[in-house]
Amino acid sequence: MSTDPITGLKESLMTHALSSQSQELMALEAKLNLLIASYQAVSRENRELSHQLRELKAERAVLMEKAVLAKTRVEALITRLKLLERNS
């Protein structure tokens, strides 16, 4: 049973096209896997940075409160020194 040359050519082209599509699909899948891995890494880094930012903001608030208290104490000391100076 011999095949028609045109039919044989069509089959050959279809096989080649399917093989090419399969390779393209595999390449696309590999790129998608890299994209997913990159997204996961960036997402993890974003969570870590958000956590660090919350901690730094809390630390900043504590330091600012301490600075206000220190400023108040220094101003009180200056006032006392001025009073002592006037009374001497």
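Coordinate-derived values only; no laboratory data. Here the structure is a predicted model, which is why all the values come from computation and not from measurement. Cβ placement follows ideal geometry from the backbone for every residue including glycine, while neighbour counts extend to all protein chains displayed.
Relative to the longest principal axis of the Cα atoms of the chain, helix 5-87 runs at roughly 0 degrees. Taking the Cα centre of the chain as reference, the dipole from Cβ charges on Lys and Arg (+1) and Asp and Glu (-1) amounts to some 1200 debye. Taken over region 1-71, the percentage of Cα pairs per 10 Å bin, counting from 0 up to the bin with the maximum distance, is 16, 17, 14, 13, 12, 10, 7, 6, 4, 2, 0.
Think of the chain as a dipole: +1 on every Lys or Arg Cβ, -1 on every Asp or Glu Cβ, centred on the Cα centre; then among A17, V42, A70, A70 lies furthest on the positive end. From helices alone, the chain scores -36000 deg cm²/dmol at 222 nm; the rule is -39500 (n - 2.57) for each run of n ≥ 4 DSSP H residues, then divide by the residue total.
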